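Notes to accompany the following structure.
The values are calculated or read from the model by the stated rules, or taken from the named source; none is laboratory data. This one's a predicted model, so the numbers in the text were calculated from it and none came from an experiment. Here the Cβ positions follow ideal geometry from the backbone for every residue, glycine too, while neighbour counts run over all protein chains shown. In case anyone asks, the SASA skips ligands and DNA or RNA and just uses the protein heavy atoms, side chains included. Shrake-Rupley method; radii C 1.70, N 1.55, O 1.52, S 1.80 Å.
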Amino acid sequence: MAEARDLQTPQYDAVVIGAGFAGLYQLHCLQQMGLSTTVLEAGSNVGGTWYWNRYPGARTDSPSNVYQFLFSDELFNEWQWSERFPSQAETERYLNWVADRLNLRPNIQFNKRVRSAIWTAENASWLITSEDGSQVSARFVISCMGPLSTPVVPEINGQDTFAGTIVHTTRWPQKDIDLSGKQVGVIGTGATGIQVVQTIATEVQSLTVFQRTANYTIPMKNDVYTTAAPQQADRSELRHRTRETFGGFDFDLEQREWASVDAAERRENMEHLWAQGNLALWVGSFAEQLLEPAANKEVSEFVREKIRARIEDPSLAEKLLPTDHGFGTHRVPLETNYYEAFLLDHVQLIDTNAEPIVRLTPTGIETTQQEIPLDILICATGFDAVTGALTNIDVRGRDDRSLAALWAEDVRTAMGMQVHGFPNFFLTSSPLSPAGAFCNAPTCVQHSVEWISECIGYVLNRGAAIEATAEFEAQWVAHHDEVANTTLIAKTPSWYTGANVEGKPTRLIGYAGGVAAYVAACDQVRDEGYAGFSIY
Ligand code: NAP
């Protein structure tokens, strides 16, 4: 049911939900346009992902030169990164600095978790209600809640009886948790679990890692920068470059065809990309790796060989080697000494397929084969990705239609920018755009925010509302599916396909046509006066 409308509610031109990379830049753009804007942020400070994910070892897998704002010479020249792959703490500091440098804080309301967003046709505005009951109304809403903000927490029998601490990595407390000398369990070996395990292994008394699926990884080459080192590139060239590549990085897919290059040269190419210590082997190599089983098998075997070389114990190697999916069909994490953690006597790896978790007890966890004493259980179990943040809010568009109900059937968007039936409601890091899954986040976030801001500017004097047409949305969904269905990623269950959340409709959540093609498609729509959108 729609909530009662309070006519006394203060009016804004725009409400932005979330104060991470996207929300901060969105606020800045709207402020520059002279629009009255407020940001509602669930946390007590800015940072988004980098505010919430303060678990041990959290850091970026994207190099700092492209994992930052590239719209401003001042921001680019005044900030000095200390590492190639910055830690959570440094990235959070950066976003706090940006918020101050651009004077954004006065227009951000903290501790406001949005509960509902209801479209009122009579005055063409959205009424936004937060968990604390406060309300704001605005003509435009821009969702900047990030693709990975709604945690998936496993339900384990006996959970209520456990006397220790259970924590999901994305809810790691501000005051931190002292793990030294503790008996710790970690469930999950995705990008997050890997970072946690490699970081805490030497600190804890005992560590039990519960793995359901082994992952491919690439060793991170993390250079430390001296304070004297300047930014190593031309900002506007970097900004331009990142938008014309497949993954929003400053490297791109190999231009040659996989089959046109002989095996020895392909091997040399893989070695070269491996040595970069970044994600280039994944989204900077042959496109066929992600499309064709033979090419994928070759790179998968290459990476398995690299991992195998680091693990002497064959039975441990067998557990840690991924064999049930191909390289790059799940997100590839970067790691540092991850495999070496399992060589420590107090670290054990449990394959939950062979030895499932049965229950939690007051003192630990019980599997089918043993009882393991635990003080702390860390759930690195992932997210209801890309859609979860929005479906957890009661978003009601025209004719009281519910976004959660629509997406429970079929996750559809028009270029990831809007959903038909939801006028003036814009999305960032959204389904069916590259930003949600296949893009260096700041690249796509900046592009989306700029597109949305221009679009709002265009609509302001032309009508009360803008809305994607059903036809345009259907065209985009069909195009998205056509591209998705050529990939091996769409055929492999993971959070990319919605398979990690029970009952979630299956569709590749991110646009797999690449950032460059996506940006060109968005530019075309804009240049044609927002063709595919109706203004009324
Ligand atoms: P994830 O990739 O979804 O991994 C979750 C892990 O938990 C998987 O190993 C999953 O196993 C396991 N799991 C979930 N429920 C389980 C259960 N009930 N029992 C046993 N195992 C269970 O989540 P994530 O590691 O948090 O990463 C999500 C995304 O966040 C990444 O793909 C990446 O895009 C982003 N991220 C980025 C960075 C970075 O840039 N440095 C760091 C962390 C995360 P299955 O695979 O079998 O489902």
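Note on the range 377-519: semi-axes of the ellipsoid equivalent to its C-alpha gyration tensor, largest first and rounded to whole Å, are 25, 18, 15. What's the carbon and sulfur percent of the chain's accessible surface, probe 1.4 angstrom, rounded to a whole number? Carbon and sulfur: 49 percent of the exposed surface of the chain. On the principal axes of its alpha carbon atoms, the range 360-412 extends 54, 18, 16 Å, with the longest extent given first.
Here the translational diffusion coefficient of the range 143-219 follows from Stokes-Einstein with Rh set to the Kirkwood radius across Cα pairs; for 37 °C and 0.692 mPa s it amounts to 229 µm²/s.
Sequentially through the range 495-502, phi angles give Karplus couplings (6.51, -1.76, 1.60; θ = phi - 60°) of 5, 5, 10, x, 6, 7, 10, 4 Hz, Gly and Pro residues having no value and appearing as x. Taking the C-alpha atoms only, the angle from helix 191-200 to the longest principal axis of the chain is near 50 degrees. Ranking Lys182, Lys297 from most to least accessible surface, computed with a 1.4 Å probe over the protein chains only, gives Lys297, Lys182.
Computed over the range 3-82, the quotient of the alpha carbon radius of gyration and 2.2 N^0.38 Å is 1.38.
Which whole-angstrom value gives the distance between the alpha carbon centres of the range 333-411 and the range 493-536? A separation of 26 Å, based on Cα centres.
Computed over all pairs of different Cα atoms, the Kirkwood value for the hydrodynamic radius of the range 217-342 is 16.2 Å. Its convex hull of Cα atoms gives the range 130-173 a direction-averaged projected area, equal to a quarter of the hull surface, of 5.5 nm². Restricting the calculation to Cα atoms, the range 7-136 shows an Rg/Rh of 1.02 when the hydrodynamic-style radius is the Kirkwood one.
The convex hull drawn around the Cα atoms of the range 283-345, when projected onto a plane and averaged over every direction, covers 4.7 nm².
Extents of the range 236-290, largest first, come to 37, 22, 18 Å (Cα atoms, principal axes, whole angstrom). Per-peptide packing, taken as the mean over residues of other Cβ atoms within 10 Å, places 426-437, 204-215 in the sequence 426-437, 204-215 from highest down. Placing unit charges on the Cβ atoms only, positive for Lys and Arg and negative for Asp and Glu, gives the range 208-304 a dipole magnitude near 460 debye about its Cα centre.
For the chain, the calculated P(r) over all alpha carbon pairs, in 10 Å bins from 0 to the bin holding the longest distance, is 4, 18, 28, 27, 17, 6, 1, 0 percent.
How much of the DSSP bridge set in the chain is antiparallel, in percent, rounded to the nearest 5? Antiparallel bridges: around 40 percent, rounded to the nearest 5.
Computed over the range 162-263, the alpha-carbon pair-distance distribution with 5 angstrom bins reads 2, 8, 12, 13, 12, 12, 12, 11, 9, 5, 2, 0, each value a whole percent.
In this label model, Tyr458 and Asn45 are separated by 3.9 nm, measuring between points 7 Å along each Cα→Cβ vector. Per-residue ellipticity at 222 nm, computed for the chain from helices alone with -39500 (n - 2.57) per DSSP H run of at least four residues, works out to -8500 deg cm²/dmol.
The listed peptides 45-57, 110-122, 325-337, 341-353, ordered by packing as a protection proxy, come out as 45-57, 325-337, 110-122, 341-353 (highest mean of other Cβ atoms within 10 Å first).
Wrap a convex hull around the Cα atoms of the range 316-433, take a quarter of its surface area, and give that in square nanometres. It is 11.4 nm². For the range 485-536, the ratio of Cα radius of gyration to the globular rule of thumb 2.2 N^0.38 Å stands at 1.53. Calculated accessible area for the chain comes out at 39 Å² per residue, all protein chains present (probe 1.4 Å; ligands, DNA, RNA ignored). In the range 82-196, one over the average inverse separation of all distinct C-alpha pairs is 18.5 Å, which is the Kirkwood hydrodynamic radius.
Bridgeable lysines around Lys306 (alpha carbons under 28 Å apart, same-chain partners fewer than 8 residues away excluded): Lys221, Lys297, Lys319, Lys491.
At a Cβ-Cβ separation cutoff of 4.7 angstrom, cysteine residues of the chain with no neighbouring cysteine are Cys29, Cys144, Cys379, Cys455, Cys522. Dipole orientation for the chain: of the candidates Gln475, Pro362, Trp274, Pro362 has the Cα lying most toward the positive pole (charges on Cβ; Lys, Arg +1; Asp, Glu -1).
Couplings 3J(HN,Hα) of the range 347-363, computed from phi: 10, 10, 10, 10, 7, 6, 6, 7, 9, x, 6, 9, 6, 8, 10, x, 10 Hz, in residue order, whole Hz [Karplus 6.51 cos²θ - 1.76 cosθ + 1.60, θ = phi - 60°; x for Gly and Pro]. Counting only the Cα atoms, the range 258-311 fills a convex hull of 76 Å³ per residue.
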